[in-house]
Amino acid sequence: MADPAGTVSRVERELRFIHEITKKALGLESLTAFWPILQSSLVKFFTCDRATLFLVEKTELRSMFAKGLDTAVLVKLGDGVAGSVALSGKHIIVNDPYNDKQFNPAYDRVTGYKTQNLACAAFIHENQAVGVVELLNKPGGFSDDESASMNAFAPH
């Protein structure tokens, strides 16, 4: 329930988001149909420009959906921010990517997209990363609140 001033807490927003995504997923027949819905919902919730969704394969991540890309982006486990998150299972926020040692600008060259800031979290199943979500280019950068929201969302 909202407080008397009409504001909604971060936790309540997260729970509503998880509930809405779950409802949308239940009505679909395949993950292929779910990826663009999840991407769009994440962009709206986090007010960022893009979200890239990766699945972990044996030695790499494969993008399952990235707005504007016709082919999958492959990221070696441990490489770049997404590859590091896949190995560690811990979220990362990078608000100055070109001055961050974990960021690999080669992926910007491959995609033709200029990363200004990013937040990345792992989807965890049985204590292992099975996927990674990478949120890109939020006006003003990502905050600790978004980090907490990603931690709430990623296990689901």
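Principal-axis analysis of the Cα atoms of the chain puts helix 31-46 at an angle of about 70° to the longest axis.
Protein heavy-atom accessible surface, 1.4 Å probe, per residue over the stretch 5-142: 56 Å². Within the straight-line cut-off of under 15 Å between alpha carbons, the aspartates and glutamates reachable from Lys101 are Asp79, sequence neighbours fewer than 8 places apart in one chain being disregarded.
Pairs exceeding a 23 Å alpha-carbon distance, out of Lys58/Lys138; Lys44/Lys76; Lys24/Lys44: Lys58/Lys138; Lys44/Lys76. Using the Cα centre of the chain as origin and beta-carbon charges of +1 (Lys, Arg) and -1 (Asp, Glu), tell me which of Phe17, Gln128, Thr71 is placed farthest towards the positive end of the dipole. Of the candidates, Thr71 comes out farthest on the positive side. Note on Lys67: aspartates and glutamates with a C-alpha under 18 Å away, same-chain residues under 8 apart excluded, are Asp49, Asp108, Glu134. Quick one: helix 144-153 against the long Cα principal axis of the chain, what's the angle to the nearest 10°, folded into 0 to 90? Tilt relative to the chain: about 90 degrees.
What a 1.4 Å probe finds exposed on the chain is 53% carbon and sulfur by accessible area, rounded to a whole percent.
Extension gain, Glu20 to Lys90: 0.36 nm times the residue separation minus the Cα-Cα distance gives 22.7 nm. Computed packing ranks the peptides 23-33, 82-92, 142-152, 100-110 as 82-92, 142-152, 100-110, 23-33, most packed first, by mean other Cβ atoms within 10 Å. Normalised size of the stretch 1-132, defined as Cα radius of gyration per 2.2 N^0.38 Å with N residues, equals 1.13.
The values are calculated or read from the model by the stated rules, or taken from the named source; none is laboratory data. Since the structure is predicted, the reported quantities are computational estimates derived from the model, not experimental observations. Neighbour counts are summed over all protein chains in view; Cβ atoms, including those assigned to glycine, are modelled from backbone coordinates with ideal geometry. Ligands, DNA and RNA are stripped out before the accessible areas are found, and what is left, the full protein with its side chains, is counted by its heavy atoms. Shrake-Rupley method; radii C 1.70, N 1.55, O 1.52, S 1.80 Å.
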